[in-house]
Amino acid sequence: MDILAHALWTAAAGIPVRRRLHRPLNLGWLIFWGVFPDIFSFGVPAIVRIWWYATGVTPHLLPDAKSPQHFQYVWQLYYASHSLITFGIVFGMVSLLMKRPVLELLGWGLHILIDIPTHQGMFALHFLWPLSRVGISGMRWENPRFLVANYSTLGLVYTSIWIAERRARRYQAS
């Protein structure tokens with residue numbers, strides 16, 4: 001799924017949860033972790049390419065198949081950041097260090113769960129990496145029909161959140 005949709009779905013999941021918790025849930029950090037896997041796996045090579053372009057190492061921003069500057073390590077970053085195993089280990093370690101579950105990290109887990117059925121081909125997630133290379137070849141999130149359905153559903157979800165928030169405020173005022 002695209003980064004904007006990940007951010008919107010993460011916030012949509014966090015808004016009602018935040019309301020029900022008896023402690024703060026930082027939506028900014030939740031959203032950050034909801035887009036983290038893509039930023040981590042594709043942001044690093046993008047910054048390197050921009051640097052190379054700006055310093056004259058390469059004449060093109062986009063990778064050239066004939067160029068010796070390939071980013072084979074990107075796949076390892078992609079597999080690691082899109083793995084439920086990696087997420088579980090990081091979530092557990094951070095929770096132990098903080099002596100409480102860091103719920104904002106759940107945005108990362110949501111990202112992976114959303115990507116499992118919405119990626120295919122070479123981007124099919126190896127969601128149990130490094131234990132398994134099994135991946136589900138789902139639908140392509142770039143499919144125009146899927147994009148329309150996805151953003152329409154997001155519109156409905158945000159409308160229902162808005163209505164629920166409005167009713168809650170009205171109820172509290174009376």
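Does Leu125 fit the bill of being of a type in the set (A, V, I, L, M, F, W, C) and closer than 30 Å to Arg23 by Cβ? It is false that Leu125 is of a type in the set (A, V, I, L, M, F, W, C) and closer than 30 Å to Arg23 by Cβ.
For beta carbons closer than 6 Å, sequence separation of 6+ or different chains, a first residue in the range 16-44 that is within 13 Å of Val102 (Cβ to Cβ) and a second that is at pLDDT below 95 and charged (D, E, K, R), the qualifying pairs are Leu25/Arg18. Of the helices (runs of 4 or more DSSP H) contained entirely in the range 71-174, those carrying at least 2 residues that are basic (Lys, Arg) and surrounded by fewer than 18 Cβ atoms within 10 Å (Cβ to Cβ) fall at 144-173.
Residue under question is Ser160, and the condition is that it be free of Cβ contacts under 8 Å to residues at least 12 places away in the same chain, hydroxyl-bearing (Ser, Thr, Tyr) and within 19 Å of Ser83 (Cα to Cα); does it hold? Steps first, please.
Values: free of Cβ contacts under 8 Å to residues at least 12 places away in the same chain: yes; hydroxyl-bearing (Ser, Thr, Tyr): yes; within 19 Å of Ser83 (Cα to Cα): no.
No.
Look at (1) within 24 Å of Leu147 (Cβ to Cβ); (2) part of a helix (DSSP H, G or I) and you find that Trp52 fails only one, number (1). Filtered by the rule that a residue be over 30 Å from Asn143 (Cα atoms), assigned to a helix (DSSP H, G or I) and out of contact with any Pro (no Cβ under 9 Å at 6 or more places or on another chain), the range 18-38 gives Arg19, Arg20. If only one of Glu165, Glu142 is of a type in the set (D, E, K, R) and closer than 21 Å to Ile39 by Cβ, which one is it? Checking each option against the conditions leaves just Glu142. In this structure, is Leu30 modelled with pLDDT of 95 or more, in contact with an Asp or Glu (Cβ under 7 Å, 6 or more places away or on another chain) and of a type outside the set (Asp, Glu)? Yes; evaluated as a whole, the condition is true for this residue. Taking residues in the range 106-129 that are under 14 Å from Val35 (Cβ atoms), and partners anywhere that are surrounded by fewer than 16 Cβ atoms within 10 Å (Cβ to Cβ), not one pair has Cβ atoms closer than 6 Å while being at least 6 places apart or on different chains.
The values are calculated or read from the model by the stated rules, or taken from the named source; none is laboratory data. No experiment lies behind these values; they were computed from the predicted model shown. Heads up, the Cβs are rebuilt from the backbone with ideal geometry, glycines too, and the neighbour counts pull from every protein chain shown.
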